[in-house]
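Accompanying notes for the structure given below.
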Amino acid sequence: SIPIAKQLASIKALGKGSDLEKAFATAALVYNNSADPEGKLSKAEAKSLLQTQFSGFIQGQENKPKYQEIISTLDEDLENKIDFEDFMILLVSLTLMSDLLQEIKNVKTTK
């Protein structure tokens, strides 16, 4: 498989793209590389993708009720698949409740 950085570099529109545009393009590429031909993931695949690609944000959340609710939703009814929109909602939800978010907010932006 082609590395994400190389895939990003091949998208001409992102040549002068902002950091935020590149971040969302990266999320889309990571999702697309795992999705089926219809552009969807099984819930089990979505859970696995979150655990492998988003572990820094998930770390420390395992015992929190909201995290358990999200993961249990992915564990039930494995026949259902999720699309990119639902996956992004999962990412945003996990980011907002993450301990890592506070650390990100505390990063110094000036010298």
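What do you reckon, is Lys22 under 21 Å from Leu101 (Cβ atoms), assigned by the TED database to the domain that holds Gln102 and among the charged types (D, E, K, R)?
Answer is no for this residue.
Taking the range 8-23 as the search range and keeping residues that are surrounded by 10 or more Cβ atoms within 10 Å (Cβ to Cβ) and assigned to a helix (DSSP H, G or I), which one is nearest to the chain's Cα centre (by Cα)?
Selected residue: Ala23.
Which one is farthest from Val30 (Cα to Cα) among residues in the range 71-111 that are small (Gly, Ala, Ser) and at pLDDT 90 or above?
To start, the set of residues in the range 71-111 that are small (Gly, Ala, Ser) comprises 72, 93, 98.
From the residues that got through so far, the ones that are at pLDDT 90 or above too are 93, 98.
Details: Ser93: 18, Ser98: 20 Å.
Looking at the filtered set, the residue picked out is Ser98.
Quick one: count up the residues across the range 64-111 that are in contact (Cβ under 8 Å) with a residue 60 or more places away in the chain and outside any helix (DSSP H, G or I).
The total comes to 0.
Among the candidates Thr26, Thr52, which residue alone is in contact with a Leu (Cβ under 7 Å, 6 or more places away or on another chain) and not in a strand (DSSP E or B)? Before you say what the answer is, go through the steps one by one.
Details: Thr52 fails: in contact with a Leu (Cβ under 7 Å, 6 or more places away or on another chain).
After ruling out the rest, the residue left standing is Thr26.
Scan the range 29-49 residue by residue and report those that are in a helix (DSSP H, G or I) and in contact with a Phe, Trp or Tyr (Cβ under 7 Å, 6 or more places away or on another chain). Spell out the reasoning first.
Let us first name the residues in the range 29-49 that are in a helix (DSSP H, G or I), namely 29-34, 43-49.
Within the range 29-49, Tyr31, Ala46 qualify.
The values are calculated or read from the model by the stated rules, or taken from the named source; none is laboratory data. Predicted model only: the values in this text are computed from it and were never measured. Reconstructed Cβ throughout: ideal geometry from the backbone, glycine too, with neighbour counts over all protein chains shown.
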